[in-house]
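Here is the structure we will look at, set down as C-alpha cells.
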Amino acid sequence: MATRPMIPQQARGDGVVVGGGGVKQQKKVGGDGRNRRALGDIGNLVMVRGVEGKAEKAPAPAVAQPQISRPITRSFCAQLLANAQAAAAAENNKKQVCVNVEKASVLMDGIPPAARRANKAVPKKVIVKPTKPKEVIEISPDTTEQVKNNVPDNKNKNKEVAQIASKKKPQPTLTSVLTARSKAACGVLVNKPKEKIIDIDAADANNDLSGVEYVDDIYKFYKLVENESRPHNYMHSQIEINEKMRAILVDWLVDVHLKFELSPETFYLTINIIDRFLAVKIVPRKELQLVGMSAMLMASKYEEIWAPEVNDLVCIADRVYSHEQILTMEKTILGKLEWTLTVPTHYVFLVRFIKASIPDKELESLVYFLAELGMMNYDTIMFCPSLVAASAVYAARCTLNKTPLWTETLKLHTGFSEAQLMDCAKLLVFFHSKVGESKLKVVHRKYSKPERGSVALLPPAKSLLSGDASTDAVKTKMLT
C-alpha cells in the first residue's frame, strides 16, 4: 500500500512561491496575524509542477490550476503521482532499449559506430516496439476498506466455481449405459471375493513327525515319480485274465485286509504290486489268487509292525496253495519288480488331499469309499494315482453338496483344476451308483456300517454323470 504524498503545510501569513526548485517560504510579514489571507483562498489554489518525459534545462514554470468546485482528495493526488512515476519509468525503458540495440549492432558488425560514419556506411534500421507501461495504482488507507468491500476475491470465486463443477456428475452416454448392462448380464461385473488359501499344516507346526518343513517338497517329489511306478494298460496282453477276474481278486483282498486288521497303506501297496507284476508277467488264471496273497504278504512286511504269517494266509485261502508256493511267488514278484516297493500309492495322495479339504468324518469316509471302488475297477488304471485321489475328494464333495465344490486350497495342493478332474470323478460316481447292484459286496458292506458313517448308503452325485448311462459311455467320452 503506497503512502499518501505529504504536502508541506504553509505557515500562517507566509507567501507561497512555486518554481523549479520546489516550494519556498517568504519572510513573515507581521507576526500579529493582521496580514492573514482569507480562509476562502486556502486550498483553492494548487500549484502543480509540470511533468515532462524529457529532461529540462530550465525549471518548468508553475501552472496555476483554475479554481474547481471540489477539493482535490488524497487518492487523486496519489494517482497523479503514480502516473508521473509510470511515465518516467517508460522513458527510461526507451533509453535502455536504444543503448542495448546499439551495442548489439556493434557486436554483430564488428565495426564501431565512428568507423561506420567515416566509411559512410548505411546503418541498419532497428525497429523497437515501445513497451507498454504498466499502470500502477496506489490505494490510500482510506479507500482500503472500500476496495475490500466492493472488489470480489477472484481466488475465492475460482474455488467456488471448481467446487460446483466437481459436484456436477457427468451425464452417462447411451453407449456407456448399454455396455454396462451387457457386462452385468454376462457376469463381468460380479465381484467375487478372492478366496483365501488355508494353511493346512499350521496345526502340526510343533509336531516333529509331521515334517511340516519338508512336506511340500515331499509331495512335489511324489508327483514327479508317480508315473515311473504306475502300471500301464496290460489286460490286452493277459491271455487267461480279464477285468472281471481282477475285480473279484481285489474284492476278496479287501475282505482279507479287514480280517487281519491291516493298515490302509498295506491295501493300496498290495494293489500296486499286483498291477505292476501283471503288466510285466503273463499269469495263468489258476495263479491269480496266489499272486494276490504273495503281494499282500510283501506289502504287510513293508508297512506293518506285525505282519501276518505265511500259515495264516494259507489258512485264509482254504489251503488252496502251500507255504512253499507263496514264498516262491513272492521271490518271483520281487525279481520282476527289481525289489522296488517304495512308490507313491493312491493312499499318500489321499491323506494329503483329504487334509486340504478340511473334512469331517463323513467326508473322509466317503472319499475312502470312492477310492476303493476305483481301485477295484480296472478302468481307473488309465489315471495316475494323484488324479484318482483328487477325483475321489471332488466326487465326495459333490455327493455331500459342499460349497464350494473345489477350493483354491485344494487346487494348490492337488495341482488339478475342477475341469481336469471331471472325467475321473464321473467314473467314480458311476461306480457308486452301480455298487448296490453288483455281486461284489465287500466294499459296499464295509462302508455301510455306522462306524464308517454308512456313506455307501448315500445317494450318488448323479449330476456329474451328465446323461452317461453306462461305463462304456464314460470310457468312450474320455478316450475321445
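The values are calculated or read from the model by the stated rules, or taken from the named source; none is laboratory data. Remember, predicted model here, so these are calculated numbers, not experimental data. Don't worry about glycine lacking a Cβ; one is built from the backbone with ideal geometry, like all the others, and counts go over all protein chains shown. Side chains included, ligands, DNA and RNA excluded: accessible areas come from the protein's heavy atoms. Shrake-Rupley method; radii C 1.70, N 1.55, O 1.52, S 1.80 Å.
Please go through segment 250-274 and give me each residue that is open to solvent by 10 Å² or more (accessible area, probe 1.4 Å) and aliphatic (A, V, I, L, M), ordered by number.
258, 262
Considering only segment 208-244, state which residues are open to solvent by 70 Å² or more (accessible area, probe 1.4 Å), farther than 23 Å from residue 384 by Cβ and in a helix (DSSP H, G or I).
208, 209, 244
Could you grab me the full set of residues in segment 223-241 that are more than 13 Å from residue 343 (Cβ to Cβ), within 51 Å of the chain's Cα centre (by Cα) and of a type in the set (S, T, N, Q)?
Residue satisfying the conditions is 233 alone.
Yes/no per residue for (1) at pLDDT below 95; (2) among the basic types (Lys, Arg); (3) buried (at least 23 other Cβ atoms within 10 Å of the Cβ):
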{"site": "362", "(1), (2), (3)": "yes, no, no"}
{"site": "380", "(1), (2), (3)": "yes, no, no"}
{"site": "383", "(1), (2), (3)": "yes, no, no"}
{"site": "399", "(1), (2), (3)": "yes, no, yes"}
{"site": "404", "(1), (2), (3)": "yes, no, no"}
{"site": "408", "(1), (2), (3)": "yes, no, no"}
{"site": "411", "(1), (2), (3)": "yes, yes, no"}
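Which ones in segment 433-470 are open to solvent by 30 Å² or more (accessible area, probe 1.4 Å), part of a helix (DSSP H, G or I) and either at pLDDT below 85 or charged (D, E, K, R) (or both)?
434, 445, 451, 452, 462, 463
Considering 335, 292, which residue is surrounded by fewer than 21 Cβ atoms within 10 Å (Cβ to Cβ) and either among the hydroxyl-bearing types (Ser, Thr, Tyr) or in a helix (DSSP H, G or I) (or both)?
Details: 292 fails: surrounded by fewer than 21 Cβ atoms within 10 Å (Cβ to Cβ).
Residue meeting the stated conditions: 335.
Just the residues that are basic (Lys, Arg) and either touching an Asp or Glu at 6+ places or on another chain (Cβ under 8 Å) or closer than 22 Å to residue 415 by Cα (or both), please, taken from segment 329-375.
Of segment 329-375, the ones basic (Lys, Arg) are 331, 336, 352, 355, 361.
Passing the criteria: 352, 355.
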